[in-house]
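Readers should treat all values here as calculations from the given coordinates under stated rules, not as data from a laboratory. If you're wondering where the values come from, they're calculated on a predicted model, not measured in any experiment. FYI the Cβ positions are ideal-geometry reconstructions off the backbone, even for glycines, and counts take in every protein chain you see.
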Amino acid sequence: MSKTYLASLAAALAFSTATIIPVQAETLRMASQGDATSLDPHSHNESFTNYFLANIYEGLVARDKDFEIAGQLAQSWEQVDATTWRFTLRDGVTFHDGSAFAADDVIFSMDRALSETSNFKHVLASVESYSAVDDMTVEIVTKAPNPILLNDLLDLMILDKQWAEANGAVEPINLQAEEKAFSATNANGTGPFSVVSRAQGEKTTLAAFDGYWGETGNVTEVVFTPINNAATLVSALLSGEVDLVMPLPLQDIARVENGAGVKVVSSAEARTMYLGMDQWRDQIIESPVEGNPFLDLRVRQAFAHAVDAQAIIDRVMQGQATLATQYVMDKVSGYNPDLTRLEYNVETAKSLLAEAGYPEGFELTMDCSTDRYVNDGQICQATVSLLARVGVKVNLIAQPKAQFFPKVVAPDFGTSFFLLSWTPSTMDSLNVFQNVLGTRDLENGKGAWNISGCSVPEADALAAEAAVTMDAAAREKMLQDAMALMVEDVCLVPLHVQQLVWGAAEKVEVVQHPTFEFPLEYFNVN
Amino acid sequence: MYFLLARLLQATVVMLCVALVGFLVFQFVGDPVLSLVGQETSVEDREALRESLGLNDPILVQYARYVVNALQGDFGISYSFNRDVSEMIADRLPATIELVMLSGVLSLILAIPAGIYTGIRRKGGVAQTIMALSVIGVSIPSFLLGILLILVFSVWLNWLPSFGRGDVVTVLGVRSSLFTWDGLSHALMPAAVLCLFQLGVILRLIRAEMLEVLRTDYIRFAWARGLPGQRIYFRHALKNTLVPVVTAIGLQLSSLFAFSIITERVFQWPGMGSLLLHAIGQSDIPLLAAYLIFVGLVFTISNLVVDAVYVLIDPRIRHGAH
């Protein structure tokens, strides 16, 4: 009697240990200086928020491990004609709450992305109409041939129609609405991770979604904590309290490199830093000089020759950047490998300024943010002293981004000399032509970030043609030619391509993309 | 009763004024719309959002609208959190209260005995050392001290966690992290940093008051009567030093509430201070306005409490009132 009892007890124990041990729970503790601003995937188009949510929600297409565009919720697609695309949806996909994914969810999400309070209307700007052909097929018709429709769709996240309707989340958050914004603090996607708890600005916990359709790494739980103070962030990594910090402040690279059990992971980021010069006013602002010196190409060339971008990389960026020859980096389509940067040469700069009628240089004001880009304030200080060598006296206004952006962006464009940067979210240089380099045409939504106000009609024409050319090679050539024209005109002075620098525990294996993406399904904790 | 009503009225006026000053300043905190939308958002869409948030109205109109809503208990929705501001504050307040209470208790436990001791044995080596340390406590910036503590206790020794708030449990209806070891270990360093400055100030004040009182006639009489030292120091002398000390403690505690900002930032403590910094960075006007009003409230309440305590500890004030 007692023997059988013991045996069954032993069997029960053996059974329970057997079921517990193989499930190795691997927790990844991440920290960053910011937090996602919302859990609603259509309410704030901000890179960190988008990439955070890309672990919870999915789109029709996404970047795979090698940064190629691959089907996600779309199993496959075909082009019926130049403007009609037909997407076959993936079978057997469920949302975190268990409900099945189907074509009406895609249609609903597209309606939602186009609604009044959405911040993602631009994603579907080229789309004429869309419809569900059947339960598992969606057809999208574009206004004109759109060669980068797939790139545009990368940022379109799909929500569950029933869930959104049941919870009053049919439209993205409306700040005017009296009711609580359910979708800001709750999520129900199809992604590899689901939200377990969320306290914005404090802590967010994600758990691996066991009904996920795809392959994932071994991370089963993610604890994300924003740590605003850079010194605390690095200390938390060094003391082993977090496994991954992103980004790692440049001044702490050496500390992490020398630390035990931690490492620095870095790769090129798609962010290109540049200096902008007012080319649209007849009189530059906040400067005693008569007229606008920047209207003369020689002055712009002189500035490019005078600013030693390599020195800025070596000293200010501590080597964590690469020299920019143009206004996009090499992984962006339309990058022109033949272009070179005007070399650093004080004498050339001086003689160009003299030819343009400024042998003694001139005085002007520069606007700069101090908390937006990596070491932005110091880049500007370096620029000021480099320009002083050619006689240009720069009065620097270094200000927090909360003051900087309202001053310099549309509609005022209140600066004549500034530091800025751009990341083309589509990884295609057409995005840069539409927002930054193309001639300003605010009514048609073009050039809203062309703060310099530069204009090269030939390049505009090439970009417009590239926008509707489906032949990939011909299109690439057009964008490259357009880029060459902009560089020749010195629309902006390119500085550098920033590096993405993360600090991680030795045991953590990460995947970095040129965008700030952190696809946690490819991460592993060994 | 009349006294209380008058004070409440006073508090309301203070908060209205604080909010008004706040709204005058908000014009310079930046454009909230830019922190709400992405880089691809069109200029018209930005303008439409600005209009719908009422940001194009004159500042006094915005202020009036805010006050009318606030009087009905509606403090608006935070731009950056998309949540009710009052809910946000209710969420974050306990963490700050916890920190302030812990550091307040710590500083009183240390400051009162140390103040009395240095007042009595002011020439002794120990007293001199305490005084020297208190100067350091008053003068070292809190962010520097915080980072030093993290370096020593978290990175080098690995004894204490460097950031965040620990496990929260409910004991007797109070939700706090101070009831668990994990919670205490998280709170210890930030509380120590917050406590150090007050400790220095209160200690020096008690010492100065003790020196003053010990010179007075009634203490000499007490010695002459042969009363034991303990009774003279603690019962007769200490009690008479308390009026200015209580004022100082009251003010210190309320400024801790308002200005635990740096400490919370360094230790990523999820309290009111880190909320304020976030709100400033995002130009989150509803959150900023509510924070300022709240700070006004804390100062008025603590002054009220200090006044009430005077009456308890000094009968002369009580009788003088009639």
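General remarks:
- For chain B, the longest principal axis of the Cα atoms and the long axis of helix B:238-259 meet at an angle of about 20 degrees.
- Fluctuation leader among B:Leu214, B:Leu203, B:Leu99 - chain B, Gaussian network, Cα springs under 10 angstrom: B:Leu214
- Spatial separation of Cα centroids for region B:282-308 and region B:48-74, in angstrom: 20
- Cα-Cα separations in region B:2-71 greater than 16 Å, expressed as whole percent: 60
- For chain A, calculated [θ]222 nm from helices alone, where every DSSP H run of n ≥ 4 adds -39500 (n - 2.57): -7500 deg cm²/dmol
- Taking other residues whose beta carbon is less than 14 angstrom from the beta carbon of A:Glu488, and scoring Lys, Arg as +1 and Asp, Glu as -1, yields -1.
- Residues of region B:112-153 with amide N under 20 Å of a point placed 7 Å along Cα→Cβ from A:Ala254: B:148, B:151-152
- In a fully extended conformation the segment linking B:Val169 and B:Val135 would gain 8.5 nm over its present Cα-Cα distance, using 0.36 nm per residue.
- Treating r as the C-beta distance of A:Glu139 and A:Ile69 and R0 as 22 Å, the FRET efficiency rounds to 0.70.
- Paramagnetic reach from A:Asp97 in region A:178-210 [backbone N under 14 Å; point 7 Å along Cα→Cβ]: A:182-190, A:195
- Förster radius 30 Å - calculated FRET efficiency between B:Gln128 and B:Asn158 (Cβ-Cβ, nearest 0.05): 0.30
- Options B:Ser185, B:Ile232, B:Ile262, ranked by Cα towards positive dipole end of region B:86-321, top entry (Cβ charges): B:Ile232
- Among B:His236, B:His186, B:His278: highest mean-square fluctuation, GNM of chain B, C-alpha pairs under 10 Å: B:His236
- Bins of 10 Å, starting at 0 and running to the largest distance - Cα pair percent for region A:226-299: 16, 30, 13, 14, 20, 7
- Model label sites at B:Leu9 and A:Gln283, defined 7 Å from Cα along the beta-carbon direction, differ in position by 5.6 nm.
- About the Cα centre, charge dipole magnitude for region A:121-267 (Lys/Arg +1, Asp/Glu -1 at Cβ), debye: 480
- Share antiparallel - DSSP beta bridges, the protein assembly as shown, percent rounded to 5: 75
- Part-to-part distance (alpha-carbon centres) for region B:148-227 and region B:237-275, which is given in Å: 11
- Cleavage-rule hits, GluC sites (Glu not before Pro), region A:111-200, DSSP coil, Cβ neighbours within 10 Å at most 15: A:Glu116, A:Glu178, A:Glu179
- In nm, spacing of pseudo-spin labels at A:Arg389 and B:Ser86 (7 Å Cα→C-beta vector): 6.2
- Computed FRET value (nearest 0.05) for A:Asp338 with B:Trp181, which takes r as the C-beta separation and R₀ as 51 Å: 0.20
- With 0.36 nm allotted per residue and the present C-alpha distance subtracted, the B:Val68-B:Leu227 stretch has 51.0 nm of extension available.
- Its DSSP H runs of at least 4 residues, each contributing -39,500 (n - 2.57), put the calculated 222 nm mean residue ellipticity of chain B at -23500 deg cm²/dmol, to the nearest 500.
- Scaled against 2.2 N^0.38 Å for its residue count N, the alpha carbon radius of gyration of the protein assembly as shown is 1.10.
- Zone residues, region B:32-48, relative to A:Asp412, backbone N less than 20 Å from point 7 Å out along Cα-to-Cβ: B:32-39, B:41-48
- Taking a Cβ cut-off of under 12 Å around A:Asp134, the surrounding Lys, Arg, Asp and Glu residues balance to a net charge of -2, with basic ones at +1 and acidic ones at -1.
- The charge dipole of the protein assembly as shown, taken about its Cα centre with unit charges on the Cβ atoms of Lys, Arg (+1), Asp and Glu (-1) only, comes to about 5980 debye.
- Environment charge of A:Ser115, counting only residues whose C-beta is closer than 13 Å and scoring Lys/Arg +1, Asp/Glu -1: -3
- Rel. contact order, % - alpha carbon contacts under 8 angstrom, at least six apart, chain A: 19
- Across chain B, the longest run free of exposed loop sites, meaning trypsin sites (Lys or Arg not before Pro) lying outside DSSP classes H, G, I, E and B with no more than 13 other Cβ atoms within 10 Å, spans B:1-120.
- Equivalent ellipsoid dimensions for region B:86-321 as semi-axes, Å, which come from the Cα gyration tensor, largest first: 36, 23, 15
- Where labels lie 7 Å past Cα in the beta-carbon direction, separation of A:Ser197 and A:Val170 in nm: 3.4
- Legend: distances between Cα atoms for A:Lys203/A:Lys401; A:Lys143/A:Lys401; A:Lys203/A:Lys507; A:Lys401/A:Lys477; A:Lys121/A:Lys263; A:Lys263/A:Lys401; pairs beyond 28 Å are A:Lys143/A:Lys401; A:Lys401/A:Lys477; A:Lys121/A:Lys263; A:Lys263/A:Lys401.
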